[in-house]
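A quick write-up on the structure given underneath.
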């Protein structure tokens, strides 16, 4: 069975949720090309559609009763790639943004990579927690471009960086305290000692 077949056909049937997830991944290059060729509005519309597929793929998997660990992992990988692609997208959409907000952009984009590195060192696995702070941080990150475009306020960049940075610190603290429950609501839960 080929990689494409396994991505699209889990259990012998076409998995629409996986196709939607892969469509989000495939949208990155066209968004960058549209921005590079001065088609910012078209790029923004495509970006918003792609960002909405992050909710749609999970809903489709649950609605069809075909949610799977593979689909959840694929969604997580694509989310991480899509969020890293947001850096060049923002830099193309808002020239000079890095000059105006270097620390915030480093926290937003290097912070999660540093977190994954440290988490892997401590736990020997990639720990991705479903904390409320992580969900709020992801929402702020994905909404950053449209929000700045609508409001014109680049102050949202440091706000998003603060939330994302605090979330990663919360997750590291949780790991340091011995937490491994990836579905924990937040890192301040009482840990059971055995």
Using 0.36 nm per residue of separation minus the Cα-Cα distance, give me the extension gain between residue 73 and residue 132 in nm, one decimal.
19.3 nm
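If you average 1/r over every pair of different alpha-carbon atoms in segment 123-175 and take one over that average, what Kirkwood value in Å do you get?
Kirkwood hydrodynamic radius for segment 123-175: 11.9 Å.
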Please state, to two decimals, what the Cα-based radius of gyration of segment 101-192 comes to when divided by 2.2 N^0.38 Å (N = residues).
1.15
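Report the full-extension gain for the segment residue 40 to residue 154: residue separation times 0.36 nm, less the Cα-Cα distance, to one decimal in nm.
The span from residue 40 to residue 154 would gain 39.3 nm if fully extended.
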Taking only the Cα positions of segment 35-194, the convex hull volume per residue in Å³ is 131 Å³
All Cα pairs of segment 27-73, percent lying beyond 15 Å
53 percent
How much length is gained on full extension from residue 118 to residue 188, taking 0.36 nm per residue of separation minus their Cα-Cα distance?
23.3 nm
Under the rule of -39500 (n - 2.57) per DSSP H run of 4 or more residues, summed and divided by the residues of the chain, what mean residue ellipticity at 222 nm is obtained, to the nearest 500 deg cm²/dmol?
-24000 deg cm²/dmol
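Coordinate-derived values only; no laboratory data. This one's a predicted model, so the numbers in the text were calculated from it and none came from an experiment.
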